[in-house]
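Enquirer: So that we are looking at the same thing, I have put the structure below in structure tokens.
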Amino acid sequence: MVGNFMPSEMQGRRNIRTGIKIHNCRARESRFYFSHRQIILTALMLLIFMGSGIGYVWSNYEGTQIGFDLSRLQQEELTIKEVNRKLKVELATLKNTENLIKAAKALGLKEASPDQIVFIP
């Protein structure tokens, strides 16, 4: 050792001022490694996280689809109710006795005589 200068290979192993060997130099040089258990747990956590994310997206998609189906069915219900209302009006019109008499006269029919009427018990 010349003065305070030490070769570069020794600087990492000894203190520059005192020249005393540093015992924790391996702790600085050690690398962090994952154990097999840590890798498996990390992979499992990632799978659970991804699965829950996919489940959340899927449930929102299904909810949106159900909303669209509900809207379509409500529109179809309104259409059917409108058709039903029109058919009821038409049925009431056709059952009206005045309209029946007009239609019968237009076809050339006349009123039945009392001997043509048969009552069924």
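Enquirer: Which whole-Hz ³J(HN,Hα) couplings does the range 48-65 yield from phi under the Karplus relation 6.51 cos²θ - 1.76 cosθ + 1.60, θ = phi - 60°, glycine and proline marked x?
Expert: 5, 4, 5, x, 5, x, 5, x, 5, 5, 5, 5, 5, 4, 5, x, 5, 5
Enquirer: So which chymotrypsin sites (Phe, Trp or Tyr not before Pro) in the range 30-121 end up in coil per DSSP with only 16 or fewer other C-beta atoms within 10 Å?
Expert: Details: sites: 32, 33, 34, 49, 56, 58, 61, 68, 119; in loops: 32, 33, 34, 119.
In loop regions of the range 30-121 (DSSP not H, G, I, E or B), the sparsely surrounded chymotrypsin sites (Phe, Trp or Tyr not before Pro) are 32, 33, 34, 119.
Enquirer: Let me ask something else. Ordered by residue, what ³J(HN,Hα) values in Hz, to whole numbers, does the range 75-85 give under the Karplus form 6.51 cos²θ - 1.76 cosθ + 1.60, where θ = phi - 60° and Gly and Pro are x?
Expert: Each residue of the range 75-85 in turn: 5, 5, 4, 4, 5, 5, 4, 5, 4, 4, 4 Hz.
Enquirer: Next question. What is the sum of charges around residue 101, taking Lys and Arg as +1, Asp and Glu as -1, for the other residues whose C-beta is under 14 Å from the C-beta of residue 101?
Expert: Details: positive: 95, 102, 105, 110; negative: 98, 111.
Residues near residue 101 contribute +2 overall.
Values quoted throughout were computed directly from the atomic coordinates according to the rules given, and no laboratory measurement underlies them. These figures come from a predicted structure and were not determined experimentally. Note that each Cβ is placed from the backbone with ideal geometry, even for glycine, and that neighbours are counted across all protein chains shown.
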